[in-house]
Amino acid sequence: MTLQTITLQIPEHIYERAQQVAETTDQPLEAVFLHELENAFLPPLPEDEEAELSALSYLSDDALWTIAREQMPSLRQERMQVLMDGNTKGTLLEVEYQELEHLVEQGQRLMLRKGKAAALLTERDYKITRESLRG
């Protein structure tokens, strides 16, 4: 991937938010901006997922913390690991591969909800740390 260098003037409040994210996530400021730019140019989500994420903004802080701390159930995680191991070995049946795809999709949706909940909590002036996400 070829990188291009640009100079960009940004409002102070955007810089401060990015700096806060960089400090909270222990990343360089440049990585935070690059991540946000990459996300800005992603293809749109399906309507049902977009509606679900938009609805999160109406939830209470406690509800958002619950979502931000949500984990995939351990039995589902274990099953996904077994299927991923089988996929790596090339031993999955078609039905198992479809199950793996479904579990991965569920995991991705969970991560989107968790990320959106954490972003909304940050907008509401909460500091999101690894410790705060453990509950």
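Of note:
- Residue in region 56-63 that is of a type in the set (S, T, N, Q), surrounded by 10 or more Cβ atoms within 10 Å (Cβ to Cβ) and in contact (Cβ under 8 Å) with a residue 40 or more places away in the chain present: yes
- Residue check: Glu105 meets all listed conditions (1) in a helix (DSSP H, G or I); (2) without any contact (Cβ under 8 Å) to a residue 60 or more places away in the chain; (3) surrounded by 12 or more Cβ atoms within 10 Å (Cβ to Cβ); (4) not polar (S, T, N, Q) but one, namely (3).
- Options Arg109, Arg76, Arg69; residue that is in the same structural domain as Asp125 (by TED's automatic domain parsing) and within 21 Å of Val21 (Cα to Cα): Arg69
- Within region 72-97, being exposed (fewer than 11 other Cβ atoms within 10 Å of the Cβ) and either within 30 Å of Glu123 (Cβ to Cβ) or of a type in the set (S, T, N, Q) (or both) holds for Pro73, Ser74, Thr88, Thr91.
- The requirement of being in a loop (DSSP other than H, G, I, E, B) and in contact (Cβ under 8 Å) with a residue 40 or more places away in the chain is fulfilled somewhere in region 70-93, by at least one residue.
- Test: residue in region 50-58 that is assigned by TED's automatic domain parsing to the domain that holds Ile128, among the aromatic types (Phe, Trp, Tyr) and part of a helix (DSSP H, G or I): yes
- Residue within region 115-125 that is in contact with a Leu (Cβ under 6 Å, 6 or more places away or on another chain), closer than 22 Å to Ser57 by Cβ and of a type in the set (D, E, K, R) present: yes
- The single condition from (1) at pLDDT 95 or above; (2) touching an Asp or Glu at 6+ places or on another chain (Cβ under 7 Å); (3) basic (Lys, Arg) that Arg109 fails is (1).
- Each residue in region 4-17 was checked for being touching a helix residue (DSSP H, G or I) at 6+ places or on another chain (Cβ under 9 Å) and in a loop (DSSP other than H, G, I, E, B), and 2 pass.
The values are calculated or read from the model by the stated rules, or taken from the named source; none is laboratory data. Model, not experiment: these values are computed from the prediction. With ideal geometry, Cβ positions are generated from the backbone for all residues, glycine too; neighbour counts draw on all protein chains shown.
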